[in-house]
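What follows is a set of notes on a single structure, which appears directly below.
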Amino acid sequence: MCYYNGQKVTRAEYIRLKQLEKAVANYDFLNRDLQVGFDYSMNAVLKRVPDKEDFDIVQMEWGFIPPYLKTREDVNKMRHGYKDPTGKFRPPITTLNAVSEEILAPGKIYRDAALHRRCLVLSSGFYEWRHIHRLNKRTGEPLKTAEKYPYFITVKDKEYFYMAGIWQPWTDKATGEYVESFAIVTTGANKLMEQVHNSKKRMPAILNDDLAYEWLFGNLEEKRIKEIGESQFPAEEMEAYTIAKDFRETLEPTKHFEYDDLPALQIA
Amino acid sequence: MGNETEPFELTYHKIKIRVQQHTVANSFVYHIIFHDKRQPLVITRAINANAARWWTSIPEGRQSEAEEIGSLIAEHIKSIQ
């Protein structure tokens with residue numbers, strides 16, 4: 001006899017439940033509706049099996065942990081900012097995204113990962129905010145503070161698609177905790193994303209099947225790594241629609257929500 | 001692995017939850033999303049050593065939620081049959 005969740009079960013039932021655990025582990029993270037940055041959550045990532053044209057689907061922590069950080073406390077300080085011994089506030093450093101044009105620059109924390117540990121981040125869609133500067137009714141000038149509208153962006157006819165990623169193994173020197181973390185590689189916005197993410201005009205480097213294969217398995221020179229990282233997925237193969245402003249708290253965060261006062265996107 | 005039914009909503013301790021039934025490895029499992037910040041939960045019906053059916057979380061560790069929400073799901077299923 002064995003025990004599962006405090007109940008005595010037969011060996012056969014125990015094995016069935018353990019098998020179910022493995023299947024559910026895949027299911028649970030592949031079916032997440034919501035992948036929002038800034039919560040440093042676990043995400044599904046395709047990681048190459050060393051020296052083979054094969055991969056594992058694993059969970060990694062979103063938010064690249066640089067190898068020079070020693071403890072989880074250091075990681076939290078980097079991510080959320082902290083006061084140094086003199087009382088001066090050191091602002092947070094965000095490592096959710098790695099700018100493709102800069103990842104290979106000498107001294108960049110991402111360089112070694114871009115050369116040796118590229119991965120593919122599985123996504124069913126992502127979120128960005130469109131900034132609209134309304135006009136001041138009195139002066140007619142654009143207001144300084146923008147109104148923000150959230151969008152959900154997907155690839156047409158694809159349940160899942162790949163974003164270029166880079167990953168880093170890391171061990172907490174205080175506790176021995178081992179973590180694999182990653183950053184999503186970003187590129188300049190295409191015609192659709194220029195309108196949606198209009199404050200920064202950036203987008204994830206979404207890769208078609210051929211580029212994804214090359215990114216994961218290719219023995220690539222620096223020039224090619226940059227080329228793939230900077231590639232732009234065609235705007236006409238993507239779609240974007242507005243969602244509720246409180247989408248993070250709703251049961252269906254990707255549900256379409258119409259804003260009467262929002263100018264339509266110019267479809268690419 | 002597939003969706004067997006349309007997802008449905010229940011109220012659990014005054015919190016809305018969304019429940020989706022799936023078939024995984026030839027077993028029914030229920031994937032539960034909470035309307036608060038709680039982590040999603042997966043539960044299933046298992047059989048104990050006395051051949052009695054009981055609800056369990058997958059993986060282990062959230063047994064009380066599994067039992068309570070399992071009972072709500074069983075009531076819901078009965079009510080629509």
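Here the spin labels are modelled as points 7 Å beyond Cα on the Cα-Cβ line, and at A:GLU141 and B:THR23 they lie 6.5 nm apart. Sorting B:40-49, A:158-167 by average packing, meaning the other beta carbons within 10 Å per residue, from highest down gives A:158-167, B:40-49.
Counting other C-beta atoms within 10 Å, which of A:CYS2, A:CYS119 has the fewest, and how do the rest follow?
Details: A:CYS2 15, A:CYS119 26.
Going from sparsest to densest Cβ surroundings: A:CYS2, A:CYS119.
DSSP finds beta bridges in the protein assembly as shown, and of those with both partners inside it, around 95 percent are antiparallel. Along the axis of the charge dipole computed for the protein assembly as shown (Cβ charges of +1 for Lys and Arg, -1 for Asp and Glu, origin at the Cα centre), the listed residues A:SER100, B:GLN63, B:ALA52 are led at the positive end by B:GLN63. Using θ = phi - 60° and the Karplus curve 6.51 cos²θ - 1.76 cosθ + 1.60, what whole-Hz ³J(HN,Hα) does each residue of segment A:91-101 get, with Gly and Pro shown as x? Each residue's phi maps through the Karplus curve to give x, x, 10, 9, 10, 6, 10, 10, 6, 4, 5 Hz.
Taking 0.36 nm per intervening residue step and subtracting the Cα-Cα distance, what contour gain separates B:GLN81 from B:LYS37 on full extension?
Length gained between B:GLN81 and B:LYS37: 12.7 nm.
Of the peptides A:66-78, A:84-96, the order by per-residue mean of other Cβ atoms within 10 Å, starting with the highest, comes out as A:66-78, A:84-96.
The alpha-carbon atoms of segment A:61-163, seen along their principal axes, cover 54, 52, 25 angstrom, with the largest extent given first. Quick check for you: which residues of segment A:196-221 have the amide N under 15 Å from the point 7 Å beyond the Cα of A:LYS52 toward its beta carbon? Residues passing the 15 Å test: A:217. With helices as the sole contributors, the protein assembly as shown gives -6500 deg cm²/dmol at 222 nm; each DSSP H run of n ≥ 4 counts as -39500 (n - 2.57), and the sum is divided by every residue. Projected onto its three principal axes, the C-alpha set of segment A:88-242 covers 58, 48, 28 Å, listed from the longest axis down.
Each value in this text was obtained by applying a stated rule to the coordinates, not by laboratory testing. Remember, it's a predicted structure, so these values are computed and weren't measured experimentally. A quick note on method: Cβ atoms are made from the backbone with ideal geometry, for glycine too, and the neighbour counts reach across all protein chains shown.
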